Every structure is written in structure tokens, then in C-alpha cells.
1. Starting from segment 367-471, pick out the trypsin sites (Lys or Arg not before Pro) whose DSSP state is loop and whose Cβ has at most 12 other Cβ atoms within 10 Å.
2. Which angle from 0 to 90°, rounded to the nearest 10, does the C-alpha axis of helix 284-313 make with the longest principal axis of the chain?
3. What is the spread of the Cα atoms of the chain along each of their three principal axes, largest first, in whole Å?
4. Pull up the cross-link candidates among the aspartates and glutamates for LYS201, meaning alpha carbon to alpha carbon under 19 Å and not fewer than 8 places away within one chain.
5. Mind checking segment 217-303 for chymotrypsin sites (Phe, Trp or Tyr not before Pro) that DSSP puts in a loop (not H, G, I, E or B) and that have at most 16 other Cβ atoms within 10 Å?
6. Between segment 12-41 and segment 298-324, how far is it from one alpha carbon centroid to the other, in angstrom?
7. Which percent of the accessible area of segment 409-471 is formed by carbon and sulfur heavy atoms (probe 1.4 angstrom)?
8. Take the Cα coordinates of segment 131-203, assign each an equal point scatterer, and use the Debye formula without solvent to give log10 I(q)/I(0) at q = 0.22, 0.26, 0.28 Å⁻¹.
Amino acid sequence: MCEVIFMSRLSGNFDENIVSMNALLGVERNFDIMEKKMRVGGHDASLFFIDGLTKDEMLEKLLEFFYGRKEDDMPQTLEEFQVTNLPYAESEVLTDTEDILKNLLSGVPCLFLSGYSGCLTIDCRTYPARSVEEPLKDRTLRGSRDGFVETLVANTALIRRRIRSPKLCMEMRELGKSSRTDLALCYMEDRVDWACLEKIKKRIQEIDVDALTMNQESLAELLLPGHWFNPLPRFHRSEHPDTAAAQILEGDIVILVDNSPAALILPTSLFAIAEEANDYYFPPITGTYLRLTRMLIMFLSIVLTPLFLLYSQRPEWIPEALRFIEIQETVHVPLILQFLILELAVDGLRLAAVHTPDMLSTPLSVIAGLVIGEFAVNSGWFNSEVMLYMAFVTLAGYSQANMELNYAVKFLRIVLLLATCWFALPGFIIGLLFIGFCFLSCRTFAGRGYLYPLVPFNWEALKRQLFRVKL
């Protein structure tokens, strides 16, 4: 390979610039990086672009326009050519080689003209993207059916469509030396917490990585690294533009990352993560019922199976009114093993469902229902009471739209199960204290407690989190 001499700025020689760009871009090696040589108004010209990232119709119209230029029509400078001779709105004159490469590799065509200093960028790029449709995971019974896609500009347009205010700001940032991933900070300048916003900007500026390998998740871990033992999510993720717009109007900050069909919302709390769009698309009393039911189910999914295990270890503690919960059948496998095996089995079925083609999803459900249901009980591996309670906690997990919160609850439940198995009542209490420590020690990006406004207590704010009031 030949050694490429990188120049920070373009030289005044057209031929040198073209040779340098060909060497830097590897035009001969890369089939998708194209160079179109032509004559524009008596001047030699080269147009560099990425095949597949450019609007073909617009590029054809621009080429037709360039071929029609006469030598008498050509101005003195490239800036004047941009103003008087280019029938396209999004254009810019660049002289820095790094900026030119960044634009070109992002899909922006770049035009070099002999006799002119600089490079003319024409932003007629387009990215392959799926249509705007409702997210598969976070569905709503009412409201809009659109969702974020993998294109950053389309996602910002979905928010801008809902907030038609000049106070809405969308600042562009870039991360990754190799990936150069674009991200946008969206906020209302008259409602945002400026201290939190400046902290986010400073943290992004200090991040030094080669690429955001896992896209949005990599950014979240770099922005707010946490303790490995605490599984609680500290970012609110949403694929709904209306949810993101509502949080922006409440003063929160939304981060959109290119190639990611979701928004990072911060600062956040447990109550905000547990919210759903359905809470606001129904009357206040129905929204309040849905919200309180979801919180109660989440609490029960943590303590139900450990509490049943504790009562099974100490049957004499079972109240007379609840004697029916006592296991009547013979226990062949220890209860703790039954619970742990079923926890793994549920995740195995979930992973199998993700990778199962749609045409085979029904047979998978039948097999799972027969093997893990009736046959598992009849074979003596599992007791019917264990199957019942595990079915409840499994369904309870699907009541939460946030998958990270669902898995956090699962991990905390397993810790509580193990502590109860090893130390009975003291272990159950220690497990509850550990869960409380996880919630209390988790801090949001703004420095507030994870359980705010419950801890520290703020009744006015807590009332709005628990009860769906009129908007």
C-alpha cells in the first residue's frame, strides 16, 4: 500500500486535491465510493459521493444543471457559485480535509472545481430506513401509531412535528473516532435544568472512544457508569415520539442516537420508567388505575415467590385463612431449585420465541404449554403451586414496557429467593434490605434519588406520579 500524506487543509492545486482525496478514500478499492469526472462551465470538476447514500433523482438533476453551465456564467469564488449557481438549499463550502471526509463518508456528495479553492458539499443524501410504524414492544391502545426509526433526522422531525415552538432546541454532537456517530440533544430552553444539561454536554465532550459499538447502550454506559451489582435502569428509553415530546415539555432532556430507534430520556426515576403512554390516553381515573396496578404488580412479582418459599419452610406461620396455600403434594425437588429452574426456563422460552419464525410460533407455544405445564407437574419435577406462582411473576414481567426494569426485578427476586432459602426469615429481611439499598443507592444523572419524589418525600410531585390528574 502506498503511504498517504494527510493534509489538514486543501491545497490550491485542483489535481493535487483530487489525487489526495482518491488516496484517502481508496476509490479504486471501494466499489461504493464513486468519483464522477465532468466539465462545469469550462472547468474540470470531480464529484465524490457514496453509492446508496445519495438521492439518485436529485443527483441527476444537479448533474444536468452542472452540464448546462457556460464559462461566462461562472463567478469568481466558490462561495459566489454556491449562492448564485447552485439550485439546492443544503450546501456548504469547506476547506478542511477532515470536515470534507466526515461529510463525504456520511453520504454528502462533495464537488471539486478547478480554479476554485475549497470543496462544495451538497447535502442530498438519503439513508436506507424502514417506514415509521408502531413499535412492536411498547404498543398503545389509543394514541398515535408512529414510532422512532433508525434515521436521526426522521426522529427529530417526529418530535418537531409535535412541538412547534422556537424554544425547542436540538443540538448535534458526534462520538467515536471511527464510527463518528451522530447524536442530538433535544430540550426546551425555557424549561430544561441547565445544570443537568451542562453536565451532560461536559460528559459527552469527555468521552473518548473509537466507536459506539452497541450504539445507544454504549452511550448510556459511558454517560452514567454504575455499580455492577445494581441492575436498576437509570435511563428511560422510549420508542414513542409522543412520549419523548411529552418529557421534553416537562423539562427533561432527550438524547437521540443515529441508527437507534429509541430515545434516551433523562433525568429519570423509577416512577417515570414505570409510566406508559396508555396512562395518558385514557380518562384520569382509568389512567390512575392502570398506573397503580402496574406498581402493585411489580412489588408482588418481587416478594410473592420468596414469601411462598418462606411459608413453605415455616408452615406454622401460615394464617388460618391462608391454609389453602400449603403444599399438599409430595415435594420431590427442593422448592428453591424448582423456582430457579423455572426462572431459567422462562428466559429460555423467551429467547426461543425471539428467534422462532412466525410460522412456527404456534407450535412452540403448544410444546411449551404441554412440556413445561402439565407434563412437568405430572412427572414430579414441579409442584402445581410453584407453577402457578411462577406463571404470575412471568405475566407480571410483561406488564412492564421497560425490559431493563423487568430484568432488574427478576434479578432482585432471585437474590431474595436465595437469601430466604439460606437464612429463612432473617434472610428474607436481609434480602428486602438489600433491595431497598439498591433502590436508595441508585442515583439519576441529575443527582436525585431513584425513588424521588418518594425519597426524599415531595407530596405534590408524588401525587402527580401516582395519580393521573387532568392535563
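The values are calculated or read from the model by the stated rules, or taken from the named source; none is laboratory data. Everything quoted here is computed from the prediction, not taken from an experiment. As a convention, Cβ positions derive from the backbone with ideal geometry for all residues, glycine included, and neighbour counts pool all protein chains shown. SASA here: full protein model, heavy atoms, side chains in, ligands and nucleic acids out. Shrake-Rupley method; radii C 1.70, N 1.55, O 1.52, S 1.80 Å.
1. Details: sites: LYS410, ARG413, ARG443, ARG448, LYS463, ARG464, ARG468, LYS470; in loops: ARG448, ARG468, LYS470.
The qualifying sites are LYS470.
2. Helix 284-313 sits at roughly 50 degrees to that axis.
3. 101, 50, 41
4. GLU171, GLU174, ASP182, GLU189, ASP190, ASP193, ASP210, GLU217, GLU221, ASP252, ASP258
5. TRP228, PHE229, TYR281
6. When both Cα centres are located, 74 Å separates them.
7. Here carbon and sulfur together make up 74 percent of the probe-accessible area.
8. -1.10, -1.18, -1.22
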